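Structure, as structure tokens:
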Amino acid sequence: MLKLTGKSKFFKAGNSFGLRLTKSDQEILQAKPGDEFEKTISPDGQTITFRKKQTVSSDTQNMIKQLFNENKELMERLKEE
């Protein structure tokens, strides 16, 4: 069973600060160095929520480029409006 609660240590790294994650946290998140997360801090400053940003596959990126290139005139007209 996954452990979804626990403690995390706040630390200073150079001019930045960080929260340390356990190996279990990393495995649950399927996170690797360089992954990006969106951060939301509650108005009272007591809760931070991190959401892993979804990546777009290179196949999808290529499909989007192709669609934009095939419809370049339409895209320019839409941009003007």
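Since every read-out is calculated from the coordinates, none of them should be taken as a lab result. Note that the structure is a prediction, hence the values are computed from the model and not measured. Here the Cβ positions follow ideal geometry from the backbone for every residue, glycine too, while neighbour counts run over all protein chains shown.
Things to note:
- Total charge dipole magnitude, the chain, about the Cα centre, Cβ charges on Lys, Arg, Asp, Glu only, Debye to nearest 20: 700
- Theoretical FRET efficiency, 1/(1+(r/R0)^6), r = Cβ-Cβ of LYS39 and MET63, R0 41 Å, to 0.05: 0.85
- For the chain, the mean residue ellipticity at 222 nm estimated from helices alone is -10500 deg cm²/dmol, where every DSSP H run of n ≥ 4 contributes -39500 (n - 2.57) and the total is divided by all residues, rounded to the nearest 500.
- Of ASN71, ASN62, ASN15, the one that fluctuates the most in a GNM where the chain has Cα springs shorter than 10 Å: ASN15
- The candidate values are [x] 68; [y] 82; [z] 211; the one derived from this structure for volume of the Cα convex hull per residue in Å³ carries the label [z].
- Angle between the chain longest axis and helix 58-70 axis [Cα atoms, degrees, rounded to 10]: 30
- Considering only VAL56, THR40, PHE17, the residue lying farthest towards the positive end of the dipole of the chain is PHE17, judged by Cα position with unit charges set on Cβ.
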